[in-house]
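None of the figures in this text is laboratory data; all of them are computed from the coordinates on show. These numbers come from a predicted model, not from an experiment.
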Amino acid sequence: MKKKFAFVWLFSLAVLIAAICGVSYAAAGNDGDKEAGLKEVYDFLKGCGNYYLATVEGNQPRVRPFGSLAIFEGRLYFQTGKIKDVSKQMAANPKIEICAYDGKGAWVRIQAVAVDDPRREVKQLLLDVQPGLEKIYSADDDNTQVLYLKDAIARFHSFDETGNQGGPRIVEF
């Protein structure tokens, strides 16, 4: 009971702080806004080169760099191998977070649910946009896995020229 009360209290405090600080939400309305939000997140991640994907194994967080990324059918996809621990961790708990920094003072944190998509066409798309992966993966092998982000919430943050933190600006897609 104490934990539940503490969570509710902390959540309420976070909402209050967000309101005071002027947290802005984008792409929570119509599909056009969500498409724009998806494209903004994709462009930011691509501009960073690599992003970091976090999973959980038991009670231990696990983080590793990723680079594969594509938009397909209005969803943001990434690729991994089924034999990797990250795949097994997402199978056990599909809640993930992604973080990327642009090197210029801006970063994004994305929380989402990773959903497996076994279709060959999307596997091939991910390999086409990241040609180096074709050395170790194939759209027809049993190892290549592609996943998309569901119920994604991106939080954009930045430092201004004086070092003050701005944001977060929230984009849902």
Review point. Once phi is turned into ³J(HN,Hα) by the Karplus curve 6.51 cos²θ - 1.76 cosθ + 1.60 with θ = phi - 60°, what whole-Hz value does each residue of the stretch 98-112 show in order, with x for glycine and proline?
Key: 10, 9, 8, 10, 8, x, 10, x, 10, 8, 10, 10, 10, 9, 6
Exercise for review: Once you have the Kirkwood Rh of the stretch 23-172 from its Cα pairs, apply Stokes-Einstein at 4 °C and 1.567 mPa s and quote D in µm²/s.
Suggested key: 81
Review point. Taking 0.36 nm per residue of separation and subtracting the Cα-Cα distance, what length does fully extending Val115 through Val56 add?
Key: 19.7 nm
Check your understanding: Which whole-Hz couplings ³J(HN,Hα) result when phi for each residue of the stretch 115-129 is put into the Karplus expression 6.51 cos²θ - 1.76 cosθ + 1.60, θ = phi - 60°, listed in order with x for Gly and Pro?
Key -> 10, 5, 10, x, 5, 4, 4, 6, 4, 5, 4, 4, 5, 5, 7
Exercise for review: Would you please give the residues with an amide H less than 5 Å from that of Arg62, counting only those at least 5 places away or on a separate chain, with H modeled from the backbone geometry?
Suggested key: Thr55, Val56, Glu57
